[in-house]
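Notes to accompany the following structure.
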Amino acid sequence: MALTYDVIIIGAGPAGLAAAIEAKKTGAQRVLIIERNNEPGGILTQCIHNGFGSVIFKKDLPGPSYAHNFITQAREVEIEMLFDTMVIDITPNRSIYATSKNGFMEFQAGAIVLAMGCRERTRSQIRIPGTRPAGVFTAGMVQRMVNIENLMPGKNFVILGSGDIGMIMARRLTLEGANVIKVVELMPYLTGLRRNYVQCLQDFNIPLELSTTIKTINGNNRVESVETLKVDESLKQIPGTEQIIPCDSVLLSVGLIPENELSKKAGVILDPLTGGPEVDEKMATNIPGIFAAGNAVTIYDLVDYVSEAGFTAGRNAALFASGNTISPADTIKILPGENVRTVVPQAINKQLSGNQVLIELRVTKDFPSPVKIELTDGDNVVLAFREKYARPAEMITLKINPELFMEKTAGISGALKVRAL
Amino acid sequence: MKTNYDVIIIGSGIVGSLIARYLSRYELSVLVVEKQADVGMCPSSANSAIIHAGYDPKPGSVKAAMNAEGNKIWHTLAPELGIMHKKTGSCVAALGEEELPVLNELLENGKANKIPGLEIISGKDFIKKEPLINPLVSGVLWAPTAMVIDPFGAVLAAAENAVTNGVEYLFETEFTGFIFNDNTITGIHTNKGDFSCRWAINAAGLYSDEVAHKAGIRKGFKIIPRKGGYLVFDAAKFQINNVLFPVPSGLGKGTLVSVTTHGNILIGPDNEPASGKEDTSTTASGMAAIISGAKKLIPTIDERNAIAMYEGIRAKGNGDRDFIIERPDEINAFINICGIESPGFASAPAIALKAVELMKEGGENFKDKKSWNPVRKPFPHFHRMNMEEKAALVKQNPAYGRIVCRCEEVTEGEIIDAIHSPIPARTYDGIKRRTWLGTGRCQGAFDYPRVIQILARELGIDETEVTKKGKGSELAFRRTKWL
Ligand SMILES: Cc1cc2nc3c(=O)[nH]c(=O)nc-3n(C[C@H](O)[C@H](O)[C@H](O)COP(=O)(O)OP(=O)(O)OC[C@H]3O[C@@H](n4cnc5c(N)ncnc54)[C@H](O)[C@@H]3O)c2cc1C
Ligand SMILES: Cc1cc2nc3c(=O)[nH]c(=O)nc-3n(C[C@H](O)[C@H](O)[C@H](O)COP(=O)(O)OP(=O)(O)OC[C@H]3O[C@@H](n4cnc5c(N)ncnc54)[C@H](O)[C@@H]3O)c2cc1C
């Protein structure tokens with residue numbers, strides 16, 4: 001027999017917790033979070049470094065403290081949570097199948113919020129040739145081993161990728177007594193946040209080599225060395241620049257991919273650019289009653305905006321579950337234009353109510369000096385914003401007043417493009 | 001420790017393990033010595049996984065006979081041993097008019113080898129069956145009896161069934177030489193000590209030349225290792241329905257694109273020189289060759305969707321490259337099996353039965369074992385069950401309710417089964433090969449810490465002693481500072 005809930009949230013990370021709290025506040029009676037880990041908090045439970053909460057709490061918190069705030073709130077408003085429980089299937093009519101040591105379960109939800117977070121890109125996906133020894137890890141995996149399992153996976157590390165997790169782990173491993181030989185990055189620029197470069201690499205004298213990649217991994221049982229190699233502007237390898245670096249571990253920090261196997265099973269349409277569901281400003285997917293938020297939608301760099309998206313998804317899920325939803329009105333598609341890689345949401349309803357509309361975007365290249373971000377309908381600029389600078393590594397959040405948006409887009413029937421100039 | 005056996009088999013690849021399985025039906029004490037930490041490490045678990053129909057070996061060769069017979073046996077053996085397999089058939093696709101004549105040659109060759117059901121299908125008809133095929137396809141040789149198999153699963157199944165029926169396996173036990181009494185083999189030397197036997201069988205695969213030399217025979221025979229690498233694709237990213245070969249070239253069967261028993265897509269192999277018999281390193285040039293080769297058949301393949309890569313080593317002999325399966329005249333009590341390259345997997349059951357036959361001819365008097373059970377039941381596989389079956393399984397044992405590997409939905413119960421099976425998994429890779437854990441999109445990023453915990457608990461060792469693939473491949477070397 002299926003257990004019935006108003007709103008069921010998959011994933012107890014910051015997105016899922018925020019969604020649950022807001023769903024309850026909006027009036028949903030029975031709200032459940034299903035989480036495959038043995039505790040709530042998502043990826044934050046292993047992010048013991050500072051840097052969380054600057055927008056929402058105006059504080060510089062470690063990940064677990066940021067999560068704790070939400071977990072406490074969730075307990076206060078009596079959100080039900082199931083841990084060590086994995087959702088394995090969702091249907092378009094909102095049946096959910098999950099399994100745990102307590103048994104195999106079937107649920108029926110009035111609305112669903114997908115908040116499964118992301119997974120890491122792996123060695124095979126970037127096809128680093130060589131042998132297959134122990135000692136090749138993804139950064140998040142090592143973060144979990146070190147910060148949660150208390151296991152040190154190596155002594156001498158080479159890190160591939162200058163993403164935030166890679167840099168944060170460079171510092172963490174150094175503090176734990178490991179030797180981080182260097183960080184190598186394929187692109188000619190840093191792919192993570194500047195502040196992490198300063199605080200995690202510079203302050204610990206860890207060299208960063210740009211335009212460099214790992215050509216092969218060597219070693220039979222355990223990694224014995226890697227061979228690095230320079231690449232040119234078009235990322236082509238430059239022969240003759242090979243260098244052998246003895247080490248016992250390789251840490252890969254080469255990107256995150258939104259986790260959406262379940263979304264696909266439910267028939268949710270994914271945006272090939274973000275890898276996450278296409279959503280509107282309500283965080284609603286194409287399947288009625290299925291909403292999504294957080295890293296499952298697009299990879300965020302600040303958790304505060306993950307929580308914001310969670311609030312939005314939770315509120316609208318509760319409204320949908322109670323039948324208080326405006327029937328799907330006309331939407332305007334939002335597409336990436338010149339110099340923009342991804343945009344979320346991918347559509348905005350023409351009829352908006354109350355809440356600020358957030359548009360999250362990433363640019364394709366560095367803009368060191370002030371940059372204009374414009375929404376255009378082909379020829380005309382509909383809305384314009386200014387940013388001090390723009391970098392591919394840093395997501396830009398545009399906050400738009402709903403009245404203003406409706407006014408400016410009143411006569412528009414086609415799509416809006418977002419561009420950076 | 002027992003040191004005296006009726007039969008000692010050197011090597012636990014598919015050939016050694018099937019010999020063990022067929023011998024387990026008789027009243028004999030049988031020992032398999034394997035230098036690796038697990039059965040079927042390479043190449044028996046790193047190959048194209050095709051049970052070839054048998055149309056291409058040279059008519060009259062040992063290969064041709066073994067392949068035809070082996071294929072026939074696999075059709076009943078795979079279900080009997082609970083081995084994952086798919087009766088797919090296979091196709092050789094000719095591109096353009098100029099490749100068409102090769103199909104006729106293969107068809108004729110196949111008829112001479114008495115392979116059932118072969119036919120040539122027109123390109124037009126085939127596109128309907130396989131829409132992603134290169135539109136230049138002009139014709140296809142269809143071989144209905146070919147199938148795909150789970151290669152490691154097959155070796156494991158044979159070995160488990162042998163052990164259940166009384167055969168013993170010793171791992172990390174390397175054969176180093178024979179003990180002779182005149183020209184009769186009476187035992188072997190290993191790194192773990194000497195063992196005596198009435199029969200010794202060389203099933204050492206890549207090293208079968210060296211074992212034969214130690215027996216004093218086949219001095220001129222030498223195995224030249226060559227690499228064959230593969231890329232595995234997430235089945236969600238592109239779908240084909242068949243096993244597709246290009247027309248063969250001088251180098252071999254060419255780069256295939258194939259479904260696997262597990263639902264992924266396999267492309268490969270390349271054909272690069274190996275620096276030694278253990279050189280399973282992948283190379284950028286090899287992978288580029290695989291991708292461009294596979295794109296000839298399926299032009300829309302996108303290499304960014306590859307989820308895994310691996311390399312196998314071919315045991316290419318230096319002579320006429322026919323299989324050697326013999327009871328040499330000059331030595332007593334020895335069965336010598338050498339040069340088992342492709343289609344060695346397809347041929348393996350026939351090769352194993354031939355070995356038993358040679359023992360019989362050599363005077364061995366086989367007595368049936370009353371308790372022999374030819375059937376092996378595989379452990380439950382959560383991922384492949386429907387919802388009702390899953391619910392029932394979790395009810396029966398809650399450990400099957402806890403999913404450890406998210407992509408492949410492998411449960412704690414399955415990991416525990418693997419650790420306590422007749423051929424126990426003792427390493428991360430051992431569990432991976434048995435359960436498919438860590439073989440999906442995330443390649444283990446999620447499961448590693450959890451598997452370390454389970455292995456440590458079940459084996460009664462510390463987490464820092466858990467290895468990826470045996471001693472020297474520990475996954476963590478100490479605790480963090482403050483605990
Ligand atoms: C190493 C690292 C450092 C970071 N540093 C900072 C920083 O300094 N400042 C900052 O603001 N942000 C930082 N971030 C970003 C921030 O942590 C993430 O954006 C945020 O955690 C994403 O939240 P989420 O809820 O979308 O996903 P997650 O936190 O990943 O939560 C998803 C949850 O869903 C669960 N789940 C998934 N699938 C299923 C299923 N099938 N069944 C049940 N449960 C499931 C998962 O177990 C997980 O708990 C960092 C991220 C990382 C990885
Ligand atoms: C790239 C590639 C693709 C292939 N594709 C196919 C295909 O699609 N279909 C097909 O039918 N065939 C195929 N083959 C061939 C097939 O894989 C082999 O013929 C078959 O696996 C050989 O099995 P084996 O048991 O003889 O040898 P092996 O698998 O080599 O087993 C020998 C065992 O002996 C052990 N050993 C060696 N020396 C010692 C020692 N001194 N002491 C103790 N143990 C020792 C080894 O560790 C090993 O486990 C392919 C091969 C390759 C390389």
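Which order, highest average first, do A:247-254, B:78-85, A:265-272 follow once you tally other Cβ atoms within 10 Å for each residue and take the mean per peptide?
Ranked by mean Cβ neighbours within 10 Å, highest first: A:247-254, B:78-85, A:265-272.
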Handout entry: Whichever lysines have a C-alpha closer than 18 Å to that of B:Lys111, once near sequence neighbours (fewer than 8 apart) are set aside
Key = B:Lys58, B:Lys63, B:Lys72
Problem - At q = 0.21 Å⁻¹, base-10 log of I(q)/I(0) for the range B:225-375 (Debye sum, equal scatterers on each alpha carbon) - result: -1.29
Problem - Summed side-chain charge close to A:Asp6 - residues other than A:Asp6 whose Cβ falls under 14 Å, Lys, Arg +1, Asp, Glu -1 - result: +2
Handout entry: Point-charge dipole on Cβ atoms (K/R +1, D/E -1) for the range A:122-254, about Cα centre, debye to 20
Key = 220 debye
Problem - the range B:1-130: C-alpha pair distances exceeding 22 Å, % - result: 54 percent
Handout entry: Accessible area buried at the A-B interface, both sides summed, 1.4 Å probe (Å², nearest 100)
Key = 4500 Å²
Exercise for the section: Add +1 for every Lys or Arg and -1 for every Asp or Glu among the other residues with Cβ under 13 Å from the Cβ of B:Asn67, and state the total. Expected result: +2
Exercise for the section: Just tell me how shielded B:302-311 is by partners: mean number of partner chain Cβ atoms within 10 Å of each residue's Cβ, no decimals. Expected result: 3
Exercise for the section: Using DSSP, restrict attention to beta bridges with both residues in chain B and report what percent are antiparallel, rounded to the nearest 5. Expected result: 75 percent
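Using a Förster distance of 35 angstrom, determine the FRET efficiency expected from the C-beta separation of A:Ser65 and A:Ala2, and round it to 0.05. Present the calculation step by step, with values, prior to reporting the outcome.
Details: r = 37 Å, r/R0 = 1.05.
After rounding, the FRET efficiency stands at 0.40.
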Practice task
Select from B:Ile403, B:Leu106, B:Ile133 the residue farthest towards the positive end of the dipole of the protein assembly as shown; place +1 on Cβ of Lys and Arg, -1 on Cβ of Asp and Glu, and compute about the Cα centre.
Solution key: B:Ile403
Problem - Gyration tensor verdict on the range B:234-286 (Cα atoms; rounded if a/c is under 1.5, prolate if a/b is larger than b/c, oblate otherwise) - result: oblate
Exercise for the section: List the residues of the range B:82-104 whose backbone N lies under 20 Å from a point placed 7 Å from the Cα of B:Val375 along the Cα-to-Cβ direction. Expected result: B:82-85
Problem - Along principal axes, Cα extents of the range B:353-483, largest first, whole Å - result: 67, 43, 27
Exercise for the section: Could you pull out which residues in the range A:359-378 have an amide N less than 16 Å from a spot 7 Å beyond the Cα of A:Ala384, following the Cα-Cβ vector? Expected result: A:370-378
Problem - Residue-averaged beta-carbon neighbours from other chains (10 angstrom radius) around A:136-146 - result: 4
Exercise for the section: Can you tell me the equivalent ellipsoid semi-axes for the range A:327-421? Use √(5λ) from the Cα gyration tensor, largest first, whole Å. Expected result: 23, 13, 12
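Averaging sequence separations of C-alpha pairs under 8 Å and six or more residues apart, then dividing by the length of the range B:382-465, give the relative contact order as a whole percent.
Reported as a whole number, the value is 24 percent.
With a 1.4 Å probe and every protein chain kept in, tell me what percent of the accessible surface of the range A:23-172 is carbon plus sulfur.
46 percent
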Exercise for the section: Could you compute the FRET efficiency for B:Met1 and A:Ile244, with r as their C-beta to C-beta distance and R0 at 35 Å, rounded to 0.05? Expected result: 0.20
Practice task
Grab the eigenvalues of the alpha-carbon gyration tensor for chain B, scale each by 5, take roots, and send me the semi-axes largest first in whole angstrom.
Solution key: 34, 31, 21
Fill in the blank from the handout: For the protein assembly as shown, the percent of all C-alpha pairs falling in each 20 Å bin, from 0 up to the bin holding the max distance, is 14, 41, 33, 10, 1, 0
Completion exercise
accessible surface per residue for the protein assembly as shown, probe 1.4 Å, DNA/RNA/ligands not counted, whole Å² -> 39 Å²
Exercise for the section: Using only the alpha carbon atoms of the range A:204-268, find the Kirkwood hydrodynamic radius as the inverse mean reciprocal pair distance, in angstroms to one decimal. Expected result: 14.7 Å
Practice task
Using a 1.4 angstrom probe on heavy atoms only, work out the carbon and sulfur share of the accessible area of chain B in %.
Solution key: 52 percent
Fill in the blank from the handout: Taking every other residue with Cβ under 13 Å from the Cβ of B:Leu31 and scoring Lys and Arg +1, Asp and Glu -1, one gets -1
Handout entry: Of all accessible heavy-atom area on the range A:199-246, the percent that carbon and sulfur account for (1.4 Å)
Key = 48 percent
Handout entry: Solution diffusion estimate, µm²/s, Stokes-Einstein, the range A:122-254, Kirkwood Rh from C-alpha pairs, 25 °C, viscosity 0.890 mPa s
Key = 168 µm²/s
Exercise for the section: State to the nearest 20 debye the size of the charge dipole of the range B:382-465 about its Cα centre, where the only charges are +1 on K and R beta carbons and -1 on D and E beta carbons. Expected result: 200 debye
Problem - Tail beyond 21 Å, pair distance distribution of the range A:82-153 (Cα, percent) - result: 54 percent
Exercise for the section: Compute the FRET efficiency between B:Glu465 and A:Asn218 as 1/(1 + (r/R0)^6), taking r as their Cβ-Cβ distance and R0 = 30 Å, and round to the nearest 0.05. Expected result: 0.80
Exercise for the section: Calculate, axis by axis, the spread of Cα positions in chain A along the three principal axes, and write the results as whole Å, longest axis first. Expected result: 63, 59, 37
Problem - B:Thr411 long-range amide H proximity, modeled H, under 5 Å - result: B:Phe382, B:Val404
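The values are calculated or read from the model by the stated rules, or taken from the named source; none is laboratory data. Not measured: the values here are computed from a predicted model. Using ideal geometry, Cβ is built from the backbone for each residue, glycine included, and neighbour counts are taken over all protein chains shown. When the accessible area is computed, the model is the full protein with side chains, heavy atoms only, and any ligands, DNA or RNA have been set aside. Shrake-Rupley method; radii C 1.70, N 1.55, O 1.52, S 1.80 Å.
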